[in-house]
């Protein structure tokens with residue numbers, strides 16, 4: 001709940017305050033042109049960086065690798081592009097940071113550390129289909145209808161390098 005309050009109340013109020021201060025400092029017309037310019041430049045940069053990330057993802061997939069880094073880069077670029085088309089000084093600064101490869105690496109490492117602490121906690125939850133019983137499968141009787149899974153994965157494709 002506090003994150004939603006920060007995102008939808010505090011951040012827009014801070015952006016509005018910064019835009020008013022910037023308008024008083026450089027003038028309303030220059031502030032408007034700056035907002036318009038960062039939006040145009042940001043959308044161009046997001047498009048070019050996004051296409052580069054897409055190419056890296058496809059290269060990794062064609063070599064049979066798992067494109068984890070490339071997927072995270074794509075997500076960071078998407079969020080950065082969204083922040084850049086949002087009018088505001090603070091969102092523009094954060095958005096530009098996500099588009100430069102050097103700062104994107106730092107964002108990726110911070111994000112990875114965050115997920116290493118959050119994801120294991122989520123993995124401790126138990127999800128069972130069937131009845132809304134709180135019993136684990138070991139405690140449940142054989143008559144209860146719990147979903148099961150069986151089978152095997154497809155074989156990994158091999159590629160000839162001619």
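Based on what the data block shows, is residue 109 over 17 Å from the mean Cα position of the chain (by Cα), over 26 Å from residue 8 (Cβ atoms) and exposed (fewer than 12 other Cβ atoms within 10 Å of the Cβ)? Here the answer is no, as residue 109 does not meet what is asked. Out of 18, 22, one residue alone is more than 19 Å from residue 97 (Cα to Cα), in a helix (DSSP H, G or I) and touching a residue at least 24 places away in the same chain (Cβ under 8 Å). It is 22. Which of the residues spanning the stretch 37-73 are outside any helix (DSSP H, G or I) and surrounded by fewer than 13 Cβ atoms within 10 Å (Cβ to Cβ)? The answer is 63, 64, 65, 66. Residues that are farther than 17 Å from residue 53 by Cα and modelled with pLDDT of 90 or more within the stretch 80-108 comprise 83, 84, 88, 89, 90, 91, 92, 93, 94, listed in sequence order.
The values are calculated or read from the model by the stated rules, or taken from the named source; none is laboratory data. Since the structure is predicted, the reported quantities are computational estimates derived from the model, not experimental observations. FYI the Cβ positions are ideal-geometry reconstructions off the backbone, even for glycines, and counts take in every protein chain you see.
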